[in-house]
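Data first, discussion second: the structure below is written as structure tokens.
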Amino acid sequence: MAAPPPSYTSAPVEAPAYTLAPVASGSHGLPGYDDANGQSSMFVPSQGIDDKLPNHFKINNQYAKAQVMPSELQAHLVLLGAFHRLREEVRTFKGKADIPMEPDERWAVFLQRAVY
């Protein structure tokens, strides 16, 4: 017979402290926030990208100003790419004290820890 589930209270529960598991020699841990693999961590848009489109568009016989600039779209795509690479790296990460999890479970745990 299974044990009954633990009782839950509405009192706030403090999350346990997170400590990094030791990394096995020869393997690489997850990159830190300042680790850019030799790349500059500051986004620099392509030269003259905003000059390639007009600054207004004719819509229904009225002129509308551009809502977003190409450099802003480019920066957004770079950010989305960084999130995608982070997700793939977390999903495929294997550590020394690794708990067997499915890739999607590993990503969910990472997000949960990031929120708290």
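The values are calculated or read from the model by the stated rules, or taken from the named source; none is laboratory data. On a predicted model such as this, the values are computed, not experimentally measured, just so you know. Using ideal geometry, Cβ is built from the backbone for each residue, glycine included, and neighbour counts are taken over all protein chains shown. Just so you know, the surface numbers come from the protein's heavy atoms only, side chains and all, with ligands and any DNA or RNA stripped out. Shrake-Rupley method; radii C 1.70, N 1.55, O 1.52, S 1.80 Å.
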Applying the selection to the stretch 83-116, what residues are of a type in the set (Gly, Ala, Ser), surrounded by 12 or more Cβ atoms within 10 Å (Cβ to Cβ) and at pLDDT 90 or above?
-> 108
Please indicate, with yes or no, whether at least one residue in the stretch 73-82 is of a type in the set (S, T, N, Q) and surrounded by 11 or more Cβ atoms within 10 Å (Cβ to Cβ).
-> yes
Could you list, in sequence order, the residues of the stretch 49-67 that are modelled with pLDDT of 85 or more and either open to solvent by less than 100 Å² (accessible area, probe 1.4 Å) or touching a helix residue (DSSP H, G or I) at 6+ places or on another chain (Cβ under 8 Å) (or both)?
-> 59, 64
Expected single match for modelled with pLDDT under 55, at negative phi, surrounded by 10 or more Cβ atoms within 10 Å (Cβ to Cβ) and not hydrophobic (A, V, I, L, M, F, W, C) among 27, 46 is 27
Test each condition in (1) surrounded by fewer than 10 Cβ atoms within 10 Å (Cβ to Cβ); (2) at pLDDT 85 or above; (3) touching a Lys or Arg at 6+ places or on another chain (Cβ under 8 Å) for residue 18 and report the one that comes out false.
-> (2)
